[in-house]
Ligand code: SF4
């Protein structure tokens, strides 16, 4: 494996292998910090099981913990096993998704539950390749479930981990907009050798990004790796890469889709087009948003201009 290009680390050894002093230092500092500071989240408790971990990973991908918590609790209460969700219509998953946003995740989670029930006897599979073969599960989710639920050794690269590695190791303020091969190489290079430590490192580095090294306010004064952080040691040079993607919502098709889905989630019978037309003033954008929901399988059109959440 080619080692990534790394900045100087004030005389310390670059982390070009898991056993090098800096890599080991980062592991022990971040994991010790995690031991003292990890949030007590329901999907981290032993009774969450692999299904709880999988549900949380789907929900957390683009939504903050505070918004996920109530929906997660209700979801697991209603569907404690994949087979319980698989028995329901996909529209029920969309309804229970509430206002978490990006509701295609609900359909994907439902699809994964059906596949787990049909192919794996209702148990979330343990192998990374089997997880990756489930519908709606990408590299990140497969690695996260294998690592967090089964304690395996995988590079788990979410936005928080990518930001921590960008700053602490690569020495830049922000990672690229989309995950690159170089980032994957670096994450694999830094992975501790033994599986339990690797799984702990994955969770700990993610938590550091969520609580300390955040996108807007890095709290270096309480960061366990401040002394080794390449970006901090370089004087925190400003981001000079491509502009970062914004998260605008107001006035977008996403907002209109959210309003249309909110009406359909509340309804327990098909809804006429005229009722949906009231949610947004601009007819072209409204029609585009509704067409998009139908094309994504989130809304089912019925004869006579009626709509409902999907039954199949
Ligand atoms: S020292 Fe600051 S910038 Fe570096 S990893 Fe810690 S919080 Fe982030």
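From the list 199, 210, pick out the single residue that is surrounded by 12 or more Cβ atoms within 10 Å (Cβ to Cβ), more than 12 Å from the ligand (Cβ to nearest atom) and closer than 27 Å to residue 57 by Cβ.
199
So which residues in region 231-245 are surrounded by 11 or more Cβ atoms within 10 Å (Cβ to Cβ) and more than 8 Å from the ligand (Cβ to nearest atom), if there are any at all?
233, 234, 239, 241, 244 - these are the residues of region 231-245 that are surrounded by 11 or more Cβ atoms within 10 Å (Cβ to Cβ) and more than 8 Å from the ligand (Cβ to nearest atom).
Based on this model, can you work out whether residue 242 counts as touching a residue at least 60 places away in the same chain (Cβ under 8 Å) and over 22 Å from residue 96 (Cα atoms)?
yes
Quick one: residue 188 ticks every box in (1) more than 10 Å from the ligand (Cβ to nearest atom); (2) under 17 Å from the mean Cα position of the chain (by Cα); (3) part of a helix (DSSP H, G or I); (4) under 18 Å from residue 139 (Cβ atoms) bar one, so which box is it?
(2)
Pairs needed: first member in region 112-126, exposed (fewer than 14 other Cβ atoms within 10 Å of the Cβ); second member anywhere, not in a helix (DSSP H, G or I); C-beta distance under 9 Å; at least 6 residues apart or different chains.
From residues that are exposed (fewer than 14 other Cβ atoms within 10 Å of the Cβ), the pairs are 119/125; 119/133; 119/134.
Please go through region 50-64 and pick out each residue that is surrounded by fewer than 20 Cβ atoms within 10 Å (Cβ to Cβ) and modelled with pLDDT of 95 or more.
Listed by number, the list holds a single entry, 50.
So residue 193 passes all but one of these: (1) more than 13 Å from the ligand (Cβ to nearest atom); (2) closer than 26 Å to residue 26 by Cα; (3) buried (at least 16 other Cβ atoms within 10 Å of the Cβ). Which condition number does it fail?
(3)
Do we find a residue being away from the ligand (no atom under 13 Å from the Cβ), in a helix (DSSP H, G or I) and within 24 Å of the chain's Cα centre (by Cα) anywhere in region 170-182?
Scanning region 170-182 turns up at least one residue that is away from the ligand (no atom under 13 Å from the Cβ), in a helix (DSSP H, G or I) and within 24 Å of the chain's Cα centre (by Cα).
Can you tell me which residues in region 127-139 are at pLDDT 95 or above and not in a loop (DSSP other than H, G, I, E, B)?
128, 129, 130, 131, 132
Find the residue count for region 245-258, including only residues that are in a helix (DSSP H, G or I) and either within 29 Å of residue 167 (Cβ to Cβ) or in contact (Cβ under 8 Å) with a residue 24 or more places away in the chain (or both).
Within region 245-258, residues that are in a helix (DSSP H, G or I) and either within 29 Å of residue 167 (Cβ to Cβ) or in contact (Cβ under 8 Å) with a residue 24 or more places away in the chain (or both) number 5.
Just wondering, is there one or more residues in region 21-40 that are in contact with a strand residue (DSSP E or B) (Cβ under 7 Å, 6 or more places away or on another chain), surrounded by 18 or more Cβ atoms within 10 Å (Cβ to Cβ) and touching a residue at least 40 places away in the same chain (Cβ under 8 Å)?
Yes, that holds for at least one residue.
The values are calculated or read from the model by the stated rules, or taken from the named source; none is laboratory data. As the structure is a prediction and not an experimental result, all values here were calculated from the model. Positions of Cβ are generated from backbone atoms using ideal geometry, with glycine treated the same way; all protein chains shown enter the neighbour counts.
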